[in-house]
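These notes concern the structure reproduced below.
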Amino acid sequence: MTAGRPLAQGTPLIQVRTRIDLLTELEPVAARELDRHLATAQEWFPHQYVPWSGARDFDGPIGGEPWRPCQSALTPAVRDALIVNVLTEDNLPSYHHEIAARFGRDSAWGTWVNRWTAEEGRHSDALRGYLHAVRGVDPVELERARMAHVGSGYDSGQPTLAHALAYVTVQELATREAHRNAGQACPEPHGTRLMSRIATDENLHMIFYRAVCADALDLAPDLMTRAFADVVCDFRMPGHSIPGFAGRAARIATAGIYDVALHHDRVLLPLLRALRLMERTDLGPAGEEARHRIGRYLEELADRIRRLQELRHRREQARRDAVPENGTRIGASREA
Ligand SMILES: [Fe+2]
Ligand SMILES: [Fe+2]
């Protein structure tokens, strides 16, 4: 994206000028945050996080042992979480295309785009190596899902640079939580260590984007607040187009690895607080409307969380009531 590129026919001039100005105005911020990132990020090696000593050959050309479900020490919900996480990371070529098209290939923005891509490349590499080594998931199904997912590409659908910045900020924080919680739920210690390492990367990516957004909010408070309102009120994880995503997401939520309460408490609220987005005094009517929209959405979310917690509580109570004193659960076979 360069200032010299001719405008697409029918593109409103004011929209393009705002987008180009914001990118240019934010370039020193991107340079500052890139320097901070490079000084903070620690080098690490995916191969050092994979427990190779437990690995053995698979069937196929080598003639090893086929994968069987009983070989996996991972719980079903952790399996779902790791499948979603690795397939999400697999779509890196599309994400690179998205941010390169938005931020450009020049200046600090271009350096960030390439550095970010190089760091993200470690995540699918390490996760797949780990899953193969511990025989955590069906490797044939995983590869077929990767082909389908990467083959269909990814389009975030964010209409402006402001939206793209708001989206990646929320997304990096959500992804940090998804990796960290999957690691904490993982019954296998190498998995916990690897997921924690990846979550540290995602945290630094979030810090970069959050800092850029803080400056962007000062430069264009109404524009950025509207972008955040649009993104927050309609947020979807980047892996939402993974085959079978809805079912996996539901099981991940039931296991408490990533659910609506976590999204509200550990992603949206800390981010809005850090950006002081709900306390600004420099908003015009459009920014005020957007901020009210965020407020209403948070209230709706809190209400939904309360209802879900009540439902969960009633289910737990019913389950406890169904267990007689000798400990034999009535209908246990139906619940399995
Ligand atoms: Fe990642
Ligand atoms: Fe990231």
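On a 0 to 90° scale, report how tilted helix 221-233 is relative to the longest principal axis of the chain, with both axes built from alpha carbons and the result rounded to the nearest 10.
Helix 221-233 and the main axis of the chain meet at about 20 degrees.
Among rounded, prolate and oblate, which fits segment 83-188 when a ≥ b ≥ c are the square roots of the eigenvalues of its C-alpha gyration tensor, a/c under 1.5 means rounded, and a/b larger than b/c means prolate?
Prolate, since a/c reaches 1.5 and a/b exceeds b/c.
Among rounded, prolate and oblate, which fits segment 168-249 when a ≥ b ≥ c are the square roots of the eigenvalues of its C-alpha gyration tensor, a/c under 1.5 means rounded, and a/b larger than b/c means prolate?
It is oblate, given that a/c is not under 1.5 and a/b is not larger than b/c.
Could you tell me the distance between the Cα centroids of segment 210-271 and segment 134-201, to the nearest Å?
When both Cα centres are located, 14 Å separates them.
Would you mind checking the tilt of helix 13-25 against the longest principal axis of the Cα atoms of the chain, expressed as 0 to 90 degrees and rounded to 10?
80 degrees
When each pair of different Cα atoms in the chain is counted once in the 1/r mean, what is the Kirkwood radius in angstroms, to one decimal?
About 22.0 Å for the chain.
222 nm [θ] for the chain, helices only, -39500 (n - 2.57) per DSSP H run of 4+, per residue, to 500?
-22000 deg cm²/dmol
For the chain, with the dipole built from +1 on Lys and Arg beta-carbon atoms and -1 on Asp and Glu ones, taken about the Cα centre, which of Leu131, Thr254, Gly60 lies farthest toward the positive end?
Value: Thr254.
Please get the size of the charge dipole for the chain, origin at its Cα centre, with Cβ charges of +1 on Lys and Arg and -1 on Asp and Glu, quoted in debye to the nearest 20.
So the magnitude is around 740 debye.
Given Cβ point charges of +1 (Lys, Arg) and -1 (Asp, Glu) and nothing else, what value in debye, to the nearest 20, does the dipole of segment 268-324 about its Cα centre take?
340 debye
How much length, in nm to one decimal, is gained on full extension between Val140 and Arg193, taken as 0.36 nm per residue of separation minus their Cα-Cα distance?
Working it through step by step, the gained length comes to 16.6 nm.
Quick note: the coordinates plus some simple rules give every number you see, no bench work behind them. In this text, all values refer to a predicted model and were calculated from it rather than measured experimentally. Glycine gets a Cβ as well: all are built from the backbone with ideal geometry, and neighbour counts include every protein chain shown.
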